[in-house]
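Encoded as structure tokens, the structure appears first; notes follow it.
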Amino acid sequence: MTAARTFRKVLVANRAEIAVRVCRTLREMGIASVAVYSEADRGALHVRSADEAVCIGAPAPADSYLNVAAILEAARATGAEAIHPGYGFLSQSAAFARACGKAGVVFVGPSPASMEILGDKASSRRAARKAGVPTIPGVEGVASAEVAQKEAKVIGYPVLLKAVGGGGGRGMRRVDSPDELAAAFESARREAAAAFGDDRLFLEKLVHPARHVEIQILGDGKDAIAIGERECSLQRRYQKILEESPCTALSEATRSAMESAAVALAREARYAGAGTVEFLLGPDGAFYFLEVNTRLQVEHPVTEMRSGLDLVRAQIEVAAGGALPKKPALRGHAIEARLNAEDPYQGYLPQTGRVLALAWPTGDGVRVDAGIRADQIVHAHYDSLLAKVIAHGRDREEARRKLLAALEELALLGVMTNQAFLLELLDDHSFRTGETFTHTLESREWPGPATVSDEALIAAAVALHAPAGAAQDGRDDDDHFSPWLRLGTWGRA
Amino acid sequence: MSRRLSLRWGAKHVETEVSFRNGRVTLTRDGRTVDAAYRRDAGRVMITLGAETRRAVTAKDSRGLWVSSRGRTWLLVPEGREGMTRGAADAPDEIRAPMTGTVVSVTAAAGSHAKEGELLLTIEAMKMEFKLTAPEDGEVLEVACAEGDRVELGQLLVRLKPAAPAGSAA
């Protein structure tokens, strides 16, 4: 790739695994990196991954990772020429991209104008229709629960309420009947306001059973390429949990039509950088435009594993005025699992705590994008994603087996995660046969382990009561009277 | 010499007998006996069951003993000889914060009656909403939080006095 110029220093306006991952590519490119962090993240892995780091405020996102003035000041003070926003936080804020421009810093991403067209659900649907991309029947701005009632009656139940201002399942509710609508409307509106500072909602028809299929795009402001699809149907509360490519249910003709639609939309919006066009694939093979994520996607490694293309590198090259890479050939099958600090067997309750011990899997075709280190505290302030484990194989079954083996090798103590659930899911009949739909996770009970395994009990017995001597390594072992036994059940973190 | 090992895993109790001899451990649970060789190695326990050697990692914190083995993680809380004694049947139920977060709405009111499964309050954490419901029918004795409060893991939120079960002599 021939970049017209490159940057000497780039600030990464994000945290956790994505900040660590962006810093890795910057290092490979010989570009100095600047991390920013909140007071709660002083000891976080991403702070150590960058060449320098600047504290930008209090733990609450509004005071730090969403604090435009503090981030721009950090860029100025460190002499960063560009800002990579990662995903979430300010990555889809046209106002932030514009503020970067005013401050003379390059925003690694599309222009504010493209973001305004594609980032807003209502205007992106208009752009999609203009570009000839099919959309789901719906209403673009529902002022009140009363209006929602009226419109839902016209569209027909079940309907979906969505936040105009953002994605990730926040401010999103499925509504099956008129009597659920008012409560769902208020709750979605509150969640949307809290997450995006924008309480506008959107109402549409629910396609069922549906698969979530998305196309990776890369543009340079004039032209764009599509780099295959990712299927991300397995979602909990509309947050993806397993993602893979290729999609088992996509015919070559449909894939090609989806890619063409995504490229047409990218051209229509003069899109620059990496982006994702999301579609719902219906049982009849028809697909409908959902939304565009005008940023790097969490699950981008799935595409990287199949294409060999570093999407962060491509983003930076395009931002520096370089050319688009050629459309790469895709090979094999890749699956990603998201390791979250949550308890799937207790309503996905967020989990916090200090990471006591950590061991990541290794091996051919296995990639781990981690955002935590041992001894780091996982807080309730931020998203629950701790790490992503991605496996690539010659075919789907090989990738699935590699991912299973990798997740069995992974050990994380001190914070409860969804690891056991990921293993259960990967080995479930629905996943093995590729029968994955957006409702699959919610439509069933997932019992989880019924009891403690023999080896776990033996390990516990050894840790608690094994006599000192030949079978141990000489580490101190005063278990019987250690303080935690007397502390009671709730930790005083 | 064998000893009893009582552990709590979530809401479940696991009772075992263990004995150690010459680098081997014998574990009896649910009427079954498992015999394995074990070796400790830098925070890990290597367990050989038959022909297979499995690796487990353990660590302790104020919540209990964490064990990870073959991709599953268990938080085990050792229990005293007398076990966990539950309070008398009419003792108030304490609804505590299941995580650190912010109270977004409170529907429970002191003095009111709550039915099992009825919404008491909603907490937001990690940008997701979680609904706390009454674990059983009862009277709301106290609401110890208000909308907008930031609450810590384990903090008392609501006290509930369970209704007397039908047919109870109390």
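For the reader, a short list of remarks on this structure follows.
- Flag: B:MET84 matches the condition of being out of contact with any Asp or Glu (no Cβ under 9 Å at 6 or more places or on another chain) and at pLDDT below 80.
- Filter result (assigned to a loop (DSSP other than H, G, I, E, B) and closer than 19 Å to A:GLU299 by Cα) within the stretch A:418-439: A:ASN418, A:GLY434, A:THR436, A:PHE437, A:THR438
- Of the criteria (1) modelled with pLDDT of 90 or more; (2) buried (at least 19 other Cβ atoms within 10 Å of the Cβ); (3) under 23 Å from A:GLY282 (Cα atoms), which one A:PRO134 fails: (2)
- Odd one out for A:ALA192 among (1) farther than 30 Å from A:LEU403 by Cβ; (2) more than 14 Å from chain B (Cβ to nearest Cβ): (2)
- B:PRO135 passes every criterion in (1) in contact with a Gly (Cβ under 9 Å, 6 or more places away or on another chain); (2) part of a strand (DSSP E or B); (3) surrounded by fewer than 20 Cβ atoms within 10 Å (Cβ to Cβ) apart from (2).
- Looking only at residues of the stretch A:385-417 that are part of a loop (DSSP other than H, G, I, E, B) and more than 10 Å from every other protein chain (Cβ to nearest Cβ), we find that the one that is surrounded by the most Cβ atoms within 10 Å (Cβ to Cβ) is A:ARG394.
- Scanning the stretch A:52-80 for residues that are farther than 11 Å from A:VAL12 by Cα and not hydrophobic (A, V, I, L, M, F, W, C) yields A:GLY57, A:PRO59, A:PRO61, A:ASP63, A:SER64, A:ASN67, A:GLU73, A:ARG76, A:THR78, A:GLY79.
- Test: A:TYR382 is in a helix (DSSP H, G or I), at pLDDT below 95, under 23 Å from the mean Cα position of the chain (by Cα) and not hydrophobic (A, V, I, L, M, F, W, C): no
- Within the stretch A:15-36, the set of residues being crowded, with 23+ Cβ neighbours inside 10 Å and within 17 Å of A:ARG76 (Cα to Cα) comprises A:SER33, A:VAL34, A:ALA35, A:VAL36.
- Qualifying residue in the stretch A:351-361 (condition: touching a residue at least 12 places away in the same chain (Cβ under 8 Å) and more than 14 Å from chain B (Cβ to nearest Cβ)): no
- Segments classed as strands (runs of 3 or more DSSP E), wholly inside the stretch A:173-251, with at least 1 members that are under 18 Å from A:GLY88 (Cα atoms): A:211-220, A:224-236, A:239-245
- Residue under evaluation B:ARG150, criteria (1) out of contact with any Asp or Glu (no Cβ under 6 Å at 6 or more places or on another chain); (2) farther than 24 Å from A:GLY171 by Cβ; (3) surrounded by fewer than 20 Cβ atoms within 10 Å (Cβ to Cβ), criterion not met: (2)
- Scanning the stretch B:1-37 for residues being over 19 Å from B:THR53 (Cβ atoms) and not in a strand (DSSP E or B) gives a total of 5.
- Within the stretch A:411-429, residues that are more than 17 Å from A:ALA380 (Cβ to Cβ) reach partners that are part of a helix (DSSP H, G or I) and among the aromatic types (Phe, Trp, Tyr) with beta carbons closer than 9 Å, at six or more positions or on different chains, in the pairs A:ALA420/A:TYR345; A:PHE421/A:TYR345; A:LEU425/A:PHE431.
- Unique match (being crowded, with 23+ Cβ neighbours inside 10 Å and either at pLDDT 95 or above or not small (Gly, Ala, Ser) (or both)) among A:GLY109, A:GLY101: A:GLY109
Quick grid of which residues meet (1) surrounded by fewer than 21 Cβ atoms within 10 Å (Cβ to Cβ); (2) within 30 Å of A:LYS162 (Cα to Cα); (3) touching a Pro at 6+ places or on another chain (Cβ under 7 Å):
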{"residue": "A:GLY285", "(1), (2), (3)": "yes, yes, no"}
{"residue": "A:GLN297", "(1), (2), (3)": "no, yes, no"}
{"residue": "A:GLN315", "(1), (2), (3)": "no, yes, no"}
{"residue": "A:LYS327", "(1), (2), (3)": "yes, no, no"}
{"residue": "A:GLY332", "(1), (2), (3)": "yes, no, no"}
{"residue": "A:GLU336", "(1), (2), (3)": "no, yes, yes"}
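- For the stretch B:1-27, a residue qualifies if it is under 30 Å from A:PRO344 (Cα atoms) and in contact with an Asp or Glu (Cβ under 6 Å, 6 or more places away or on another chain), and the qualifying residues are B:SER6, B:ARG8.
- Taking the numbered list (1) more than 7 Å from chain A (Cβ to nearest Cβ); (2) in contact with a strand residue (DSSP E or B) (Cβ under 6 Å, 6 or more places away or on another chain); (3) at pLDDT 90 or above in turn, B:ARG21 passes all entries but (2).
The values are calculated or read from the model by the stated rules, or taken from the named source; none is laboratory data. Keep in mind that what you see is a predicted model, and the values were worked out from it rather than measured. Every residue, glycine among them, receives a Cβ derived from its backbone with ideal geometry; neighbour counts consider all protein chains shown.
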